[in-house]
Amino acid sequence: ADDSGDEEPASQSDKCELHGTLKTLSSKLEDLSTCNDLIAKHGAALQRSLSELENLKLPAESGEKIKAVNERATLFRITSNAMINACRDFLDLAETHSRKWQRALQYEREQRIRLEETIEQLAKQHNSLERACRGAPTLSSSSTGITSTAKGSVQSAKGEASDEDEETEYFDAMEDAPAFITVTADPKHHRRSGSNLSGASEGHPEDWNLEDSVFESSNQSSYNESTCKDLLPKKRRRTRIPDKPNYSLNLWSIMKNCIGKELSKIPMPVNFNEPLSMLQRLTEDLEYHELLDKAVKCESSTEQMCFVAAFSVSSYSTTVHRTAKPFNPLLGETYELDRLEELGFRSLCEQVSHHPPAAAHHVYSKRGWTLWQEITIASKFRGKYLSIMPLGAIHLEFHSSGNHYVWRKVTSTVHNIIVGKLWIDQSGEIEIVNHKSKDKCQLKFTPYSYFSRDVPRKVTGVVSDADGKAHYVMSGTWDEKMECSKIVQSSHGSTSTEGKQKTVYQTLAPKVLWKKYPLPENAENMYFFSDLALTLNEPEERVAPTDSRLRPDQRLMESGRWDEANVEKQRLEEKQRAVRRRREAEAMEALEEGEDYEGYIPLWFERKVDAVTGELICVYKGGYWEAKDKQDWSTCPDIF
């Protein structure tokens, strides 16, 4: 677009240059013609002189030589004439082709201008349609298209049937997926004639009204809740951290340190980090813990599943702007978040393995639930983007009902690793299973596609019971909110052109279960931290000496002293390598002596086979909070 104003001047300059070239060629041709005339004139005079010499009575030998010279002069004149004619033909050809090239060039310019105008018009239409779609008042009551895999995973689009994203880099197009459609029903007139419904299952809208107590509470503004909490006596937490310094990243300073070194020993500068450890990022999953507090009050297990599903999605809301990587925890590093009096829960994380990196997490809430997980991070660099795959199951148990939920995280993808602005997307499926009641919720995170008409960062799902009967439809986005719609009737609809049968879900109006808190003021200069994230690295007394808050390189980075942080980070990593080399030597010595070597043993967690999943998982064995009460940290390793 910036070059469009230069089209005419460039065209005029091209014409002037072309005419100048043709004028020069014509001038040279005229010079050649003049030379040709002179050659012809002098050649004719030379031939006359030679003819006169031939007529003179000269020795025979001289006559032969003069005749040879005359023939050469004739050949020279013929060659000169041929050269002049060739030059004239070349000039004529150049004039003809230059006109053709000029017309072709003009055509290409016009085509480019038309293409730019078309693209600009399409972009304006796309933006206006997006604004109209987002601002439509009837959005919540419009039809929603949902596509699902045979396993029950779903995908919905607001306002129109969704199109499968054929451009996705992550998943194959779901061509064999049966389609599910949801329509909002009128609670007073939701019952339809059963004559055209095949295998219809009906629910009662009055149930939705009777069970509103929990759902309605979730619709209340989270800020009112926060205001109520502020009335309680509690410790004031910090609301800001030092602004992120505007340091330019010198790639050469990194590359020169890589020469001749093993990949594992290359010190990565803190420029790529944010001043939080992976243990603290894991704790951030609890930002919307009140969803689980509300889930405790649910009498219906399927209703409770809706809140658990919303909680599983809410943990991704903090990642939308967070492109910097957290610090890799050192082996034995811990992080506690004790909010038992303020928020009703206390959390503990420990780095239980370094290769591969694995962290164990345990949360106890006095409001009726316990959450635990062990997460191992696997990553793959695929050229244009980096895929981050958290491995391991998340367990959630409610004390009163005994409902035990298990799910796994989806894949996070960081785009534009090499060139361009970094951005993050979440894609894949989450299957949440209640192992007591066998209820299931299948959530689908739709990968972003520029060509898709779907809402960006869309998440959809269906909650079904042990018999496979659908009770609720979940819809929303992982960076904004999640809604829940109760199904009052389901039926098998018409068969699609591909022979797939569609199921129609008739639902009541959706209710908001979760909505993202707004970011604090000046968040863009504070690594886009949320209110909770700003408090995670706040210094606290009485924590273990292995706590992430006491990590010196992370503290220096938060203070804006990045050069010192880089030096300290390198020291800590070298110290950890020395400990690992010592363990390897001990293992080798034990092997030579025929003895067993246990290796690193986590301090607050122990490995057990999980009774539900059958996997080996690190679970909390107790003792940390008792040690904190006594301030007895004698068993903690010296890692900092």
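The values are calculated or read from the model by the stated rules, or taken from the named source; none is laboratory data. Since this is a predicted model, take the numbers as computed values, not measurements. Cβ sites come from the backbone with ideal geometry, for glycine too, and all protein chains shown count toward neighbours. We work out accessible area using only protein heavy atoms, side chains counted, and drop any ligands, DNA or RNA first. Shrake-Rupley method; radii C 1.70, N 1.55, O 1.52, S 1.80 Å.
Heavy atoms only, probe 1.4 angstrom, no DNA, RNA or ligands counted: give me Ile617, Ile377 ranked by accessible area, highest first.
Descending order: Ile377, Ile617.
Using a simple spin-label model with points 7 Å from Cα along the Cα→Cβ vector, what separation in nm is obtained for Arg237 and Glu117?
5.7 nm
What is the distance in Å between the Cα centroid of segment 323-343 and that of segment 48-105?
Between the Cα centre of segment 323-343 and that of segment 48-105, the gap is 95 Å.
What is the packing order of peptides 326-333, 235-242, 442-449, 600-607, taking the mean over residues of other C-beta atoms within 10 Å and listing the highest first?
Per-residue Cβ counts within 10 Å, averaged per peptide and sorted highest first, yield 442-449, 326-333, 600-607, 235-242.
Measure off 7 Å from each Cα along the Cα-to-Cβ vector at Glu521 and Glu626, then give the distance between these two points in nanometres to one decimal.
4.8 nm
Past the 14 angstrom mark, what percentage of all C-alpha to C-alpha distances in segment 367-440 do you count?
67 percent
List residues of segment 569-610, by number, whose backbone nitrogen lies under 17 Å from a label position 7 Å along Cα→C-beta of Thr376.
599-602, 606-610, by backbone N distance to the label point.
With 16 Å as the cut-off, how large is the P(r) tail for segment 27-82, expressed as percent of Cα-Cα pairs?
Counting pairs separated by more than 16 Å, the tail of P(r) holds 47 percent.
Between Gln47 and Glu17, what's the calculated FRET efficiency when r is the beta-carbon distance and R0 is 45 Å? Round to 0.05.
0.50
In units of 2.2 N^0.38 Å, what is the alpha-carbon radius of gyration of segment 548-640?
In units of the 2.2 N^0.38 Å rule of thumb, it is 1.45.
I need the shape label for segment 300-349. Rule: rounded when a/c is under 1.5, else prolate if a/b > b/c, else oblate, with a, b, c from the alpha carbon gyration tensor.
It is oblate, given that a/c is not under 1.5 and a/b is not larger than b/c.
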